[in-house]
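Asker: Structure below; questions to follow.
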Amino acid sequence: ERVRGGSRLRVERVLGTDTYRLSGQVASGYRGTLSLPVGNPTRYALHAFADRLREAGIDVSDLRLWDIDDLASPPSVADGAAPLLVHVSPPLSALAQHINHESDNLYAEHVFRTLVADGSASAAARRVTDFLDAAGADTEGIAVRDGSGLSRKNYLTPNAMAALLRHMARHRHAGAFR
């Protein structure tokens, strides 16, 4: 990857991990930012949240962090529990535009997980497969593992992609995806 000022920086990710190897040269005055994908966006967000709590002086030593995909069943909300934060998201059309324009894998993964109430990748994958089936795609030979498309275990046949594109071209919300 090229860096400003003619410097060169090579970034290699150790397969299956969030370990990166950086090599090359960067000018001493360089002040840029390098954005890198993470292998597990959910776990990354959990740890970033715990870090921000710690920075705010909140003791997180008893905090247990669980990736929803590692749980046998979705967590339940304790009676009388109050949310820490309520955020009203922009409409899906705005998120889709951002995801498609910026190729934002983190956004894509989170939108994918909101397709189902429990937020699990496996349930969202079933929902996507059902949608493809309803769109007229032959779902034999396809595999959906994540929403970002980063998993090497994702498979989509050219015919299934063509069926999806035909369906979405006629869909009432087609404009949101152009």
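Asker: Could you look through the stretch 129-138, keep only residues that are in contact with a helix residue (DSSP H, G or I) (Cβ under 9 Å, 6 or more places away or on another chain) and surrounded by fewer than 19 Cβ atoms within 10 Å (Cβ to Cβ), and pick out the one that is farthest from ALA72 (Cα to Cα)? Give the derivation first.
Answerer: Going through the stretch 129-138, the residues in contact with a helix residue (DSSP H, G or I) (Cβ under 9 Å, 6 or more places away or on another chain) turn out to be 131-132, 134-138.
The next check asks that each one be surrounded by fewer than 19 Cβ atoms within 10 Å (Cβ to Cβ); those that pass are 131, 134-136, 138.
Numbers: PHE131: 25, ALA134: 29, ALA135: 31, GLY136: 32, ASP138: 30 Å.
Checking each candidate, the answer is GLY136.
Asker: Looking at the structure I just gave you, is HIS110 surrounded by fewer than 10 Cβ atoms within 10 Å (Cβ to Cβ), closer than 30 Å to ALA169 by Cα and under 16 Å from the mean Cα position of the chain (by Cα)? Show your work before the answer.
Answerer: Numbers: surrounded by fewer than 10 Cβ atoms within 10 Å (Cβ to Cβ): no; closer than 30 Å to ALA169 by Cα: yes; under 16 Å from the mean Cα position of the chain (by Cα): yes.
Judged against the criteria, HIS110 is not a match.
Asker: Anything in the stretch 55-80 that is part of a loop (DSSP other than H, G, I, E, B), within 27 Å of VAL116 (Cβ to Cβ) and either modelled with pLDDT of 75 or more or in contact with an Asp or Glu (Cβ under 8 Å, 6 or more places away or on another chain) (or both)? List them, or say none. Full working, then the answer.
Answerer: Applying the first criterion (part of a loop (DSSP other than H, G, I, E, B)) to the stretch 55-80 yields 56-67, 71-80.
Cutting the leftovers down to within 27 Å of VAL116 (Cβ to Cβ) gives us 63-67, 71-80.
Across the stretch 55-80, the qualifying residues are LEU63, ARG64, LEU65, TRP66, ASP67, LEU71, ALA72, SER73, PRO74.
Asker: Condition first: over 22 Å from GLU109 (Cβ atoms) and touching a Ser or Thr at 6+ places or on another chain (Cβ under 8 Å). Now tell me which residues in the stretch 134-174 satisfy that.
Answerer: ASP138, GLY141
Asker: Identify, please: which residue in the stretch 139-153 is more than 20 Å from HIS98 (Cα to Cα) and modelled with pLDDT under 90 and is, among those, surrounded by the most Cβ atoms within 10 Å (Cβ to Cβ)?
Answerer: Here the residue is SER151.
Asker: Please count how many residues of the stretch 157-173 are open to solvent by less than 80 Å² (accessible area, probe 1.4 Å), part of a loop (DSSP other than H, G, I, E, B) and not hydroxyl-bearing (Ser, Thr, Tyr).
Answerer: Residues that pass the stated criteria total 1.
Asker: Of all residues in the stretch 16-54, which are aliphatic (A, V, I, L, M), at pLDDT 80 or above and touching a Leu at 6+ places or on another chain (Cβ under 9 Å)?
Answerer: Answer for the stretch 16-54, where residues must be aliphatic (A, V, I, L, M), at pLDDT 80 or above and touching a Leu at 6+ places or on another chain (Cβ under 9 Å): LEU22, VAL26, ALA45, LEU46, ALA50, LEU53.
Asker: Name every residue in the stretch 81-107 that is in contact (Cβ under 8 Å) with a residue 12 or more places away in the chain, open to solvent by 60 Å² or more (accessible area, probe 1.4 Å) and under 16 Å from GLY149 (Cβ atoms), in order of residue number.
Answerer: ASN100, LEU106, TYR107
Asker: Then there is this: ASP51: in contact with a Gly (Cβ under 9 Å, 6 or more places away or on another chain), under 29 Å from SER151 (Cα atoms) and in a helix (DSSP H, G or I), yes or no? Working first, answer last.
Answerer: On the way: in contact with a Gly (Cβ under 9 Å, 6 or more places away or on another chain): no; under 29 Å from SER151 (Cα atoms): yes; in a helix (DSSP H, G or I): yes.
Considered against the rule, which asks whether it is in contact with a Gly (Cβ under 9 Å, 6 or more places away or on another chain), under 29 Å from SER151 (Cα atoms) and in a helix (DSSP H, G or I), ASP51 comes out as no.
Asker: Filter the stretch 81-93 for residues that are outside any loop (DSSP other than H, G, I, E, B) and more than 16 Å from the chain's Cα centre (by Cα) and give the result.
Answerer: SER93
The values are calculated or read from the model by the stated rules, or taken from the named source; none is laboratory data. This structure is a prediction, so every number in the text was calculated from the model and none was measured. Heads up, the Cβs are rebuilt from the backbone with ideal geometry, glycines too, and the neighbour counts pull from every protein chain shown. With ligands, DNA and RNA removed, areas are computed over all heavy atoms of the protein, side chains included. Shrake-Rupley method; radii C 1.70, N 1.55, O 1.52, S 1.80 Å.
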